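Here the structure comes first, spelled out in structure tokens, and everything after it is commentary.
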């Protein structure tokens, strides 16, 4: 099988290996176990390989680099429009040669892929929509356009669209799906946390506006001011890192808040095994892997009520659902902190649910899709 991946993820090469964002590559490596030849069409850059990037594991993989598309400034719009004919040509030729087409959405490359795939109605296809599929969500026009094309069974044929959450009134090609990080063999006996002593929070994600890391810091800061024995470790990098470091320094929070930057899977895994809570007050999510990973080890999630997160947390039985306003969020967290028995039950429920979604189960589902 000639397998084609169309992705907006930034790729790098080193020693004849192709690297990209580790959670995405880890997932794609499962797909690649079942294909003969792979072509990846995606943007490429010449940077140093960092701690959250890893290589594809496939002997017959070829990267066809394309210029990135951005519409954030007049200059970027002009260059992107200039590159569009070349991009469409490359995508069309690649789809012609492919036996199976896999789109990664939402994203600018995914948008182009959504349009090009229309011309190949007989080819087997999947689209992984990693964003928020909630029909009622407020989203950019490009995201709504991708969702419209993917849901339109007249334009989009022979494709299964993998989305997070089970939403009402969807077309027959929309398939509720999940993702996974850990194998069944990695399930461990986790000791019950002690919620009467220091409460350890972790934030795992990019340090960008959309993930609201500053709100996470301020929540911990105010809980400390209210007398709670708390700490927060942030894992991730992004354009807010310096600003967050300055906030921690200015407000003398070094003794309770540590910004670690990007760390390896093993370092993060070790932190999750001892943390009491994983906090992620995002503006938007698809299936937040950082939360599912935390739940795998009995870490109670503290997350905003967005996308399929309420479903993941069983509407408050497997974690704490908060609003994105500081005082309201603190009140919602405090109610649960005062009930140790409830916290222990949340932890147990979170662990049992997340450990159902293992890489083993994920791989079986992928194998079924590729037989489509």
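Check segment 22-39 and report whether any residue there is outside the structural domain of residue 236 (by TED's automatic domain parsing), farther than 19 Å from residue 370 by Cβ and crowded, with 20+ Cβ neighbours inside 10 Å. No, every residue in segment 22-39 fails to be outside the structural domain of residue 236 (by TED's automatic domain parsing), farther than 19 Å from residue 370 by Cβ and crowded, with 20+ Cβ neighbours inside 10 Å. Listed by position, the helices (runs of 4 or more DSSP H) contained in segment 59-171 that have at least 2 residues being modelled with pLDDT of 95 or more and under 24 Å from the mean Cα position of the chain (by Cα) are 108-116, 141-151. Within segment 146-167, identify whether any single residue is in contact with a helix residue (DSSP H, G or I) (Cβ under 7 Å, 6 or more places away or on another chain), buried (at least 21 other Cβ atoms within 10 Å of the Cβ) and on the phi > 0 side of the Ramachandran plot, and answer yes or no. No, the conditions are met nowhere in segment 146-167. When residue 319 is tested against (1) surrounded by fewer than 24 Cβ atoms within 10 Å (Cβ to Cβ); (2) in contact with a helix residue (DSSP H, G or I) (Cβ under 9 Å, 6 or more places away or on another chain), exactly one condition is not met: (1).
Of all residues in segment 3-16, exactly one satisfies the criterion of being assigned to a strand (DSSP E or B) and surrounded by fewer than 15 Cβ atoms within 10 Å (Cβ to Cβ), namely 14. Evaluating residue 213 against the criteria (1) in contact (Cβ under 8 Å) with a residue 40 or more places away in the chain; (2) touching a helix residue (DSSP H, G or I) at 6+ places or on another chain (Cβ under 9 Å); (3) closer than 23 Å to residue 307 by Cβ leaves one unmet condition, (1).
Being touching a residue at least 60 places away in the same chain (Cβ under 8 Å), in a helix (DSSP H, G or I) and in contact with a strand residue (DSSP E or B) (Cβ under 7 Å, 6 or more places away or on another chain) holds for only one residue in 367, 350, 290, and it is 290.
Of the listed requirements (1) surrounded by fewer than 15 Cβ atoms within 10 Å (Cβ to Cβ); (2) modelled with pLDDT of 95 or more; (3) more than 24 Å from residue 96 (Cβ to Cβ), residue 19 misses just one: (1).
The values are calculated or read from the model by the stated rules, or taken from the named source; none is laboratory data. All values reported here derive from a predicted model rather than from experimental measurement. Note: ideal-geometry Cβ built from the backbone for every residue, glycine included; neighbour counts use all protein chains shown.
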